[in-house]
1. Please work out if Asp47 is assigned to a helix (DSSP H, G or I), of a type in the set (Asp, Glu) and free of Cβ contacts under 8 Å to residues at least 12 places away in the same chain.
2. Would you say Val101 is under 18 Å from Val71 (Cα atoms) and more than 14 Å from the ligand (Cβ to nearest atom)?
3. Go through the range 9-27 residue by residue and tally those that are assigned to a loop (DSSP other than H, G, I, E, B) and farther than 16 Å from Leu62 by Cβ.
4. Residue pairs, Cβ under 8 Å, 6 or more apart or interchain, first in the range 142-163 and at positive phi, second charged (D, E, K, R). List them.
5. What's the total number of residues in the range 28-38 that are of a type in the set (S, T, N, Q) and either under 13 Å from the mean Cα position of the chain (by Cα) or under 18 Å from Glu56 (Cβ atoms) (or both)?
6. Could you please give the count of residues in the range 134-150 that are surrounded by fewer than 17 Cβ atoms within 10 Å (Cβ to Cβ) and within 8 Å of the ligand (Cβ to nearest atom)?
7. Taking Glu73, is it within 16 Å of the ligand (Cβ to nearest atom) and either farther than 27 Å from Pro31 by Cβ or not in a strand (DSSP E or B) (or both)?
8. Looking at the range 28-44, which of its residues are within 18 Å of Val142 (Cα to Cα) and in a loop (DSSP other than H, G, I, E, B)?
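Every number here is computed from the coordinates shown, using simple stated rules; none is lab data. Keep in mind it's a predicted model, so treat the numbers as computed, not measured. Note that we place each Cβ from the backbone using ideal geometry, even for glycine, and neighbour counts take in every protein chain shown.
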Amino acid sequence: MKIEKNKVVTFHYTLSEPGKGELENSKDQDPVSYLHGHNGMLQGVEDALEGKAVDEKVNITLEPEQAYGPVRENAVQRVPLKHIAKSSKRAKLKPGMVVQVNTANGLQEVVVVKAGLKNVDVDTNHPFAGKTLTFDIEISEVRDATEEELSHGHSHGVGGHQH
Ligand code: ZN
């Protein structure tokens, strides 16, 4: 089965910066899954995966403009501590830590600049903003989406939405 619109794609990945080393990988975690053709993944990654099949490996490098955009100036905001996602509160907040904030548009990843008692100053640039990113992807599953997944516009189950 080849990857095309309305297939659910599951893959493992290693993300690195060319010449600078690895940023993260999914080796010790669940793989990532998404519904192809529904803007659930970076467009450049979806384009590279189009037409590929299980067990194929894909290597793609995206410039910042194709990935998480350039670094924006004046992107530091003061956020009430209560808006930091619960999953991010297990550890003591420290500068440089990536945490999730509840926003009107859902969870957003930000970087802690300064943590106070009631508020946190966060840099709202995506942690990978301004970076050229190389994705090494190994496709582990390609399947038809269920009716429910198509109506929701995202994949369910391991690596997808759990609800
Ligand atoms: Zn859903």
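1. Values: assigned to a helix (DSSP H, G or I): yes; of a type in the set (Asp, Glu): yes; free of Cβ contacts under 8 Å to residues at least 12 places away in the same chain: yes.
It is true that Asp47 is assigned to a helix (DSSP H, G or I), of a type in the set (Asp, Glu) and free of Cβ contacts under 8 Å to residues at least 12 places away in the same chain.
2. Details: under 18 Å from Val71 (Cα atoms): no; more than 14 Å from the ligand (Cβ to nearest atom): yes.
Spelling it out, it is not the case that Val101 is under 18 Å from Val71 (Cα atoms) and more than 14 Å from the ligand (Cβ to nearest atom).
3. Initial filter on the range 9-27 (assigned to a loop (DSSP other than H, G, I, E, B)): 18-20, 26-27.
If we keep only those that are farther than 16 Å from Leu62 by Cβ too, we end up with 26-27.
Matching residues across the range 9-27 total 2.
4. Gly159/Asp30
5. Step one: filter the range 28-38 for residues of a type in the set (S, T, N, Q), giving 29, 33.
Adding the requirement that they be either under 13 Å from the mean Cα position of the chain (by Cα) or under 18 Å from Glu56 (Cβ atoms) (or both) leaves 33.
Within the range 28-38, residues that are of a type in the set (S, T, N, Q) and either under 13 Å from the mean Cα position of the chain (by Cα) or under 18 Å from Glu56 (Cβ atoms) (or both) number 1.
6. Of the residues in that region, 1 qualify.
7. Details: within 16 Å of the ligand (Cβ to nearest atom): no; either farther than 27 Å from Pro31 by Cβ or not in a strand (DSSP E or B) (or both): yes.
Answer is no for this residue.
8. Asp30, Pro31, His36, Gly37, His38, Asn39, Gly40, Met41, Leu42
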